[in-house]
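S.K.: So that we are looking at the same thing, I have put the structure below in structure tokens.
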Amino acid sequence: MGEIDDAFERADREAFTKDPPKTLKGQIGFLLKQFGSAKAVAAELGVTADSVNRYRRGARKHARADVAAKIDDAVRQRWQPLVRKRQQRQAATTGGITVDTRARFGYTAPVGTTDDGRFRRLTVHLPPEYARRLFDARDTGASDQQMRGIIAEGFKEVYFQDGGGRAMELSDVEINDIDYLDLDYRLGANT
């Protein structure tokens with residue numbers, strides 16, 4: 001997984017509006033609602049239906065560490081997916097996406113100006129078109145480098161060229177040596 005994929009994972013976790021169930025009984029209850037039967041939950045987790053029923057009843061308070069991790073992953077994968085999708089849809093249509101990073105930015109500039117790459121810490125709110133392109137790229141399995149290119153285009157337009165107000169001759173912005181990169185597209189977080 002690359003830096004951008006990791007940033008999407010963190011942003012998706014932060015998009016939860018309510019924490020998932022924390023108790024084993026609560027997690028199993030949620031999974032039973034999602035899957036419809038103890039047998040289906042058991043197949044997902046790699047345990048027996050009897051074990052699932054014991055967890056549900058509270059007869060077994062703790063699962064083995066490996067099973068507990070599977071339960072937690074299964075819950076997190078299904079917890080509020082519609083909320084995340086709605087937030088992504090809003091980011092791609094009206095809200096945009098905020099990118100916070102510290103990385104080396106390089107670019108091609110005209111003769112007489114410096115085009116040496118340097119580390120910068122930037123927090124830039126990109127318009128919805130870039131959010132849409134990033135979500136589409138992620139959904140189609142684009143590489144980390146391709147998604148970096150989309151972010152670099154957005155930084156070129158919004159930050160370096162200030163929306164068309166300066167540095168119009170600047171081209172080919174690149175993001176390299178990423179120290180960290182975070183994305184935020186939660187409803188209301190970008191205002």
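Bear in mind these aren't lab numbers, they're just calculated from the coordinates by the rules spelled out. Computed from a predicted structure; not experimentally measured. Here the Cβ positions follow ideal geometry from the backbone for every residue, glycine too, while neighbour counts run over all protein chains shown.
S.K.: Just how large is the dipole of the chain about the Cα centre, in debye to the nearest 20, putting +1 at every Lys and Arg Cβ and -1 at every Asp and Glu Cβ?
M.R.: 1760
S.K.: Let me ask you something else. So for the chain, averaging the separation of alpha carbon pairs under 8 Å that are six or more residues apart and normalising by length, what relative contact order in percent results?
M.R.: Computed over the chain, the figure is 27 percent.
S.K.: Now a separate question. Scaled to the compact-protein estimate 2.2 N^0.38 Å, what is the alpha-carbon radius of gyration of region 38-150, rounded to two decimal places?
M.R.: Dividing the Cα radius of gyration by 2.2 N^0.38 Å gives 1.69.
S.K.: Further question on the same structure: For the chain, what is the mean residue ellipticity at 222 nm derived from helices alone (per DSSP H run of n ≥ 4: -39500 (n - 2.57); sum divided by total residues; nearest 500 deg cm²/dmol)?
M.R.: For the chain, the value works out to -14000 deg cm²/dmol.
S.K.: Give the residues of region 121-144 whose amide nitrogen is closer than 14 Å to a point set 7 Å from the Cα of Asp6 in the direction of its Cβ.
M.R.: 144
S.K.: Strictly over 23 Å apart at the Cα level, which of Lys25/Lys85; Lys18/Lys85; Lys18/Lys39; Lys33/Lys70 would you flag in this model?
M.R.: Lys25/Lys85; Lys18/Lys39
S.K.: When the Kirkwood hydrodynamic radius is evaluated over all pairs of different C-alpha atoms of the chain, what value in angstrom, to one decimal, is obtained?
M.R.: Computed over Cα pairs of the chain, the Kirkwood hydrodynamic radius comes out at 19.0 Å.
S.K.: Enumerate the calculated ³J(HN,Hα) couplings along region 47-64 in order (Karplus 6.51 cos²θ - 1.76 cosθ + 1.60, θ = phi - 60°), each rounded to whole Hz, writing x wherever the residue is Gly or Pro.
M.R.: After applying 6.51 cos²θ - 1.76 cosθ + 1.60, I find 10, 8, 5, 4, 4, 4, 5, 5, 5, 5, 6, x, 5, 10, 7, 9, 9, 4 Hz.
S.K.: Using the Kirkwood formula on the Cα atoms of region 1-91, what hydrodynamic radius do you get, in angstrom to one decimal?
M.R.: 14.1
S.K.: Using the Karplus curve 6.51 cos²θ - 1.76 cosθ + 1.60 with θ = phi - 60°, what ³J(HN,Hα) values do you get for each residue of region 121-128, in whole Hz, with x for Gly and Pro?
M.R.: 9, 10, 10, 10, 8, 8, x, x
S.K.: Hey, can you grab everything whose amide H is under 5 Å from the amide H of Ile97? Only 5+ residues off in sequence or another chain; H modelled, so Pro and N-termini drop out.
M.R.: Residues meeting the criterion, in which the H sits 1.01 Å from N, are Leu126, Ala131.
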